[in-house]
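See structure below.
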């Protein structure tokens, strides 16, 4: 087991009621689960997202914490939250990293694997 490791999983959902395809606005929610799979207590300090739409337009988002929190996770603990984004295209991707500090002062990054944002039934 690595000492400094957070595992990130994401589930996505297209929000048709908040979207306006006629005006190139496609809104997606994403539910993130962050689990401390390492052996040391760690705190999530900040985030960096890279959001890419189907036209290769890239938006980068950086900020402290996540949804107003900087969770402190003991080994085996997890934190879940839901957030959202809008794209100008019906498909896109997101990925990034969380910047963390372990209780021993060690700084490390937890990678957020790339995931796809897409309308239901549009990808095979």
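Side notes on the structure shown:
- Test: residue in the range 86-99 that is touching a helix residue (DSSP H, G or I) at 6+ places or on another chain (Cβ under 9 Å), surrounded by 14 or more Cβ atoms within 10 Å (Cβ to Cβ), at pLDDT 95 or above and part of a strand (DSSP E or B): yes
- Taking strands (runs of 3 or more DSSP E) as the structural unit, those lying wholly within the range 1-54 and holding at least 3 residues that are over 13 Å from the mean Cα position of the chain (by Cα) and at pLDDT 95 or above correspond to 26-36, 42-53.
- Count - residues of the range 55-70 that are assigned to a loop (DSSP other than H, G, I, E, B) and exposed (fewer than 13 other Cβ atoms within 10 Å of the Cβ): 5
- Verdict on residue 73 being surrounded by 12 or more Cβ atoms within 10 Å (Cβ to Cβ), touching a strand residue (DSSP E or B) at 6+ places or on another chain (Cβ under 8 Å) and modelled with pLDDT under 95: no
The values are calculated or read from the model by the stated rules, or taken from the named source; none is laboratory data. Note that the coordinates shown come from a computational prediction; the quantities given were computed from them, not determined experimentally. Reconstructed Cβ throughout: ideal geometry from the backbone, glycine too, with neighbour counts over all protein chains shown.
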